[in-house]
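Enquirer: I have a structure I would like to understand better, so I am pasting it below and will then ask my questions one at a time.
The values are calculated or read from the model by the stated rules, or taken from the named source; none is laboratory data. These numbers come from a predicted model, not from an experiment. Here Cβ is always computed from backbone atoms with ideal geometry, including for glycine, and neighbour counts include all displayed protein chains. Just so you know, the surface numbers come from the protein's heavy atoms only, side chains and all, with ligands and any DNA or RNA stripped out. Shrake-Rupley method; radii C 1.70, N 1.55, O 1.52, S 1.80 Å.
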Amino acid sequence: MKALVRTRTRYLAIGAVAVGLAVLVLHAIAAVAFGAFSGWVLPALAGIALGWISLGVFVSIGRLAARIADWLSADVLVTLFAAGASFWLLRAILLRWPGALLPGLLVVVFVGQFLLGAGLGLALWKRGSARIGGLLLLAAGVGAAVFGLGWLASPGSDPFPRDPIAQPQPPPVALTEDPAGPGPYRVRSLLYGSGADERRAEYGEGVDLQTDPVDLGPVLPEWRGFRARHREWWWGFGISEAPRNGRLQLPEVEAGDLRPLVLIVHGNHGMQDFSDGGYEYLTTLLASHGIAAASVDANFLNGAWSGDFGGREMPARAILLLEHLRLFRDWNRNPRTPVFNRLDLDRVALLGHSRGGEAAAIAAAFNALDHFPDDTGFAFDYGFGIESVVAIAQIDRRYSRRIVLEDINFLAIQGSYDTDEPSFHGLRQFHRTRFSAAGAPPRAALPFRIKAGVVFHRGNHGQFNTTWGMDSGLPGVWWLNRAPLIPASDQQRAAAVYVSAFLRATLLGERRFLPLLRDWRAGSAFLPETLYQNQYRDSLTEILAGYEEDLDVRTATAAGSTITASGFAGWSEEEVHFRDGSKAGTSAVRLRVAPGEGGGSRPAYEIGLAEPVELAPEDDFVLSVVWNPRAPEPPPDDGFWTRPPLGMTVQLRFGDREGREFSVADALSPEPPFEVRFLKSERMDRQRYRRTVEEIPQTIAIPAARLLPPVLETPEAVEAAAPAFPAARLLPSAADNPEAAEAAAPVLTGVQFRFDPETLGEVVLDDIGIRRQSPADPDPDPDPERAVAGRR
């Protein structure tokens, strides 16, 4: 302090001393508040002592820095300060790089380049030992630069390699036809648009079909200010003159051969990096199978350097889709157009990628309304026959309203290495897709509807679009962990297989593709070699326990049902959450299984039904499962261990009889949650994405015939089966004793899940129920009049 007071600017020195004393007082207050000792005198003195020590340490550091500053020139310090400030501006305001990346960038950009430049200068302009020192500094700088740039340029690594769980049995039905194979129809490519697009030559004067613009201003009031002026200057039009541009792939058919129509819309990408051409692999495939398909241009709604709309443009994206459908309705009625009388607008599907996925669902919901829900002054008159929605890497909740789809087929697709939408948000829309008559008789009269989802391991967000590729451009791509990704061609093949199978099943009635949507193994011969988890439910599924009905863990969805559990380390009903902590839109039961908790008995979870449920041999018992095995203790030295199959059995109860006990793994053992590291730095990844896993359910179907108690034809057969199946019964003759025959029909009264003693981990169960099979394979639309009436 004395040296400080002796300086020429004593009045400034006194101010610095005052700051130091204030810091000591704060140390004293903090020590008292910490509460380690009673009273306040001793803690205050201890705090002052610690503050004095810390001040001394930092004074020493400051003096060292001052000596270095004396050694360096003022120009050097000013340049370093300017570079640091500019770097901070770039990182904090413009590019918002993750904080965990900062130390590495400082080493490469500042330390490495300073050593490289200083060493080069000494080596060129000095002699003797100074030159040798300069060469050493130059080598250190080159080493830092090579290491840093090599790390940024490398694709990363796969920190979680493992083999899939062995599936002991093939799927009940395997596809014999590749859904992504080319179809029999010749395809005609058509461009339609404004005919005067200043930025898109393909939508200029040479368009095959010219379109009028639409006014989207009422649904996007955020189009204003500098952002609007920049867009209008660049595009040459405003939101009140939004163009309807698109790329149509049309099956070459005769007029009167009405074909379904699919609209595909991209997500939010740089508006100057046009996205609508990236789905030709899907539109061409679908058209070759007789489904007209168009990729819609919504680039003018995408992000730019002047900012995007943060999702508030979602209604505009949705209404743009419906306005494109209006075009096709007009052309379908116009004999002078190439699509005249060739489209069936009662068989329409909407497919969207990223923000386009949510836009497709919003459009399907708006289609049934007579006005815009956010402004009743904006009237709607759409009413198209939207049968299906496909959401690829869907975002959710950008629009303020939660979209519920009623009696519409739905498919969600996601890659596990999606760094843009790292959670399976399509699962929320899956749960918000409802079938109004689900489970209600008579089953033959139901409009058959399905909803399905699939997550495949090592797929990302951008490779679904052939023009996007990685999930981030420069410089973000430098720290993406790209090594685990499957090739873009494989990712697009997986999308093509699922999209084609789903749309051909729901729009064309080609029901032979339903097994793939129920169980990914059915199409394993045509899918890329990676891991899959799929979800499925249809309108013939009756849920016994969905865990959405109330807060009572002792009740289930079925009226009057009861739940009991024993032998678990713990169990609870809870809302399911995604990786980032947001809600997945469903609740489930979580069972914590640990060896020895059952006191010698197997842990068991049982649902009792107050109202018996009929179960036919051709039905399926279904459930959704997450199997999260716990690593052995101590863990292996290399950190890798073999994930065991799920050790859980199912046994049904039929009054006083019990069915066969069946191992779930014999039907399909669910893969444990996929472990991922999105970024090359583990610290960066944990900071941004929180968890390496996300619990995605796997739908499992067990044929009821494998769960029913044996009903045998002769007394001798019943006697022979008694040791293994004490519940075996003699099959009564309906002719001789109709009452006994009716009494022998299986009526479900309870379900029990039991766990093997060595099982260690957590099991999440949801959507336990019965999937009915109608006597004839259900038709996607059983109303015969609809096939010939109501064409638009």
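Enquirer: So, restricting to strands (runs of 3 or more DSSP E) that lie completely within region 351-429, which ones have at least 1 residues that are at pLDDT 95 or above?
Expert: 386-392, 409-415
Enquirer: Looking at region 663-684, I want the residues that are within 23 Å of LEU152 (Cα to Cα) and free of Cβ contacts under 8 Å to residues at least 12 places away in the same chain and have a partner that is open to solvent by less than 10 Å² (accessible area, probe 1.4 Å) and hydrophobic (A, V, I, L, M, F, W, C) with Cβ atoms under 9 Å, at least 6 apart or on another chain. Which pairs are those?
Expert: That search, which allows pairs on different chains as well, returns nothing.
Enquirer: Which of the residues that make up region 642-656 are open to solvent by less than 30 Å² (accessible area, probe 1.4 Å) and closer than 16 Å to PHE621 by Cβ?
Expert: Going residue by residue through region 642-656, those that are open to solvent by less than 30 Å² (accessible area, probe 1.4 Å) are 646-652, 654.
Within region 642-656, LEU646, MET648, THR649, VAL650, GLN651, LEU652, PHE654 qualify.
Enquirer: Consider HIS353 carefully, then state whether it is in contact (Cβ under 8 Å) with a residue 40 or more places away in the chain, touching a helix residue (DSSP H, G or I) at 6+ places or on another chain (Cβ under 6 Å) and under 30 Å from GLY181 (Cα atoms).
Expert: It is true that HIS353 is in contact (Cβ under 8 Å) with a residue 40 or more places away in the chain, touching a helix residue (DSSP H, G or I) at 6+ places or on another chain (Cβ under 6 Å) and under 30 Å from GLY181 (Cα atoms).
Enquirer: Another question about this same structure. When you go through (1) open to solvent by 100 Å² or more (accessible area, probe 1.4 Å); (2) modelled with pLDDT of 65 or more one by one for ILE61, which number turns out not to apply?
Expert: Tallying (1) open to solvent by 100 Å² or more (accessible area, probe 1.4 Å); (2) modelled with pLDDT of 65 or more, ILE61 fails exactly one: (1).
Let's see how each residue does on (1) among the acidic types (Asp, Glu); (2) closer than 22 Å to HIS324 by Cβ; (3) more than 32 Å from the chain's Cα centre (by Cα); (4) open to solvent by 60 Å² or more (accessible area, probe 1.4 Å):
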site	(1), (2), (3), (4)
ALA166	no, no, no, yes
PRO182	no, no, no, yes
ARG188	no, yes, yes, yes
TYR203	no, yes, yes, no
GLY206	no, yes, yes, yes
VAL219	no, yes, no, no
TRP223	no, yes, no, no
TRP235	no, yes, yes, no
ALA242	no, yes, no, no
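Enquirer: Every residue in region 453-495 that is aromatic (Phe, Trp, Tyr) and under 14 Å from the mean Cα position of the chain (by Cα), please.
Expert: Of everything in region 453-495, those that are aromatic (Phe, Trp, Tyr) and under 14 Å from the mean Cα position of the chain (by Cα) turn out to be PHE456, PHE464.
Enquirer: For region 531-569, what are the residues that are out of contact with any strand residue (DSSP E or B) (no Cβ under 7 Å at 6 or more places or on another chain) and open to solvent by less than 10 Å² (accessible area, probe 1.4 Å)?
Expert: Hit for region 531-569 is SER539, nothing else.
Enquirer: In addition: Here are some conditions: (1) modelled with pLDDT of 90 or more; (2) open to solvent by 20 Å² or more (accessible area, probe 1.4 Å). MET470 meets all but one. Which one does it not meet?
Expert: Condition not satisfied by MET470: (1).
Enquirer: In the set GLY453, GLY459, which member is surrounded by 24 or more Cβ atoms within 10 Å (Cβ to Cβ) and in a loop (DSSP other than H, G, I, E, B)? Give the steps one after another, and end with the answer.
Expert: On the way: GLY453 fails: in a loop (DSSP other than H, G, I, E, B).
Every option except GLY459 fails the conditions.
Enquirer: How many residues are open to solvent by less than 10 Å² (accessible area, probe 1.4 Å) and out of contact with any strand residue (DSSP E or B) (no Cβ under 7 Å at 6 or more places or on another chain) if we restrict to region 477-491?
Expert: Residues in region 477-491 being open to solvent by less than 10 Å² (accessible area, probe 1.4 Å) and out of contact with any strand residue (DSSP E or B) (no Cβ under 7 Å at 6 or more places or on another chain): 1 in total.
Enquirer: Go through (1) open to solvent by 30 Å² or more (accessible area, probe 1.4 Å); (2) modelled with pLDDT of 80 or more; (3) among the small types (Gly, Ala, Ser) and name the single condition ALA717 misses.
Expert: Among (1) open to solvent by 30 Å² or more (accessible area, probe 1.4 Å); (2) modelled with pLDDT of 80 or more; (3) among the small types (Gly, Ala, Ser), ALA717 violates only (2).
Enquirer: Turning to a different aspect of this structure: Let me confirm something: among PRO338, PRO251, which residue is of a type outside the set (Phe, Trp, Tyr) and surrounded by fewer than 18 Cβ atoms within 10 Å (Cβ to Cβ)?
Expert: Of PRO338, PRO251, the one residue that is of a type outside the set (Phe, Trp, Tyr) and surrounded by fewer than 18 Cβ atoms within 10 Å (Cβ to Cβ) is PRO338.
Enquirer: Can you go through ILE386, ILE395 and tell me which one is out of contact with any strand residue (DSSP E or B) (no Cβ under 8 Å at 6 or more places or on another chain), closer than 30 Å to ASP418 by Cα, in contact (Cβ under 8 Å) with a residue 12 or more places away in the chain and β-branched (Val, Ile, Thr)?
Expert: Answer to the check: ILE395.
Enquirer: Which of the residues belonging to region 182-232 are touching a strand residue (DSSP E or B) at 6+ places or on another chain (Cβ under 9 Å), of a type outside the set (A, V, I, L, M) and more than 30 Å from ALA496 (Cβ to Cβ)?
Expert: SER194, GLY195, GLY204, GLN210, PRO213, ASP215, GLY217, PRO218
Enquirer: Taking the condition of being more than 29 Å from the chain's Cα centre (by Cα), of a type in the set (Val, Ile, Thr) and not in a strand (DSSP E or B), how many residues in region 554-598 meet it?
Expert: Here the count works out to 1.
Enquirer: While we're here: Look through LEU327, LEU320 and report the one residue that is within 28 Å of the chain's Cα centre (by Cα) and not in a loop (DSSP other than H, G, I, E, B).
Expert: Values: LEU327 fails: within 28 Å of the chain's Cα centre (by Cα).
The unique qualifying residue is LEU320.
Enquirer: If you go through region 492-513 one residue at a time, do you hit one that is more than 24 Å from GLU280 (Cα to Cα), surrounded by fewer than 24 Cβ atoms within 10 Å (Cβ to Cβ), touching a residue at least 60 places away in the same chain (Cβ under 8 Å) and of a type outside the set (Gly, Ala, Ser)? Don't jump to the end; show me each part of the working.
Expert: Pass one, region 492-513, residues more than 24 Å from GLU280 (Cα to Cα): 511-512.
Narrowing the set further to residues that are surrounded by fewer than 24 Cβ atoms within 10 Å (Cβ to Cβ) leaves 511-512.
Filter once more, so that each one left must be touching a residue at least 60 places away in the same chain (Cβ under 8 Å): 511-512.
Among the residues that remain, those that are also of a type outside the set (Gly, Ala, Ser) are: 511-512.
Within region 492-513 (the criterion being more than 24 Å from GLU280 (Cα to Cα), surrounded by fewer than 24 Cβ atoms within 10 Å (Cβ to Cβ), touching a residue at least 60 places away in the same chain (Cβ under 8 Å) and of a type outside the set (Gly, Ala, Ser)), the answer is yes, since at least one residue qualifies.
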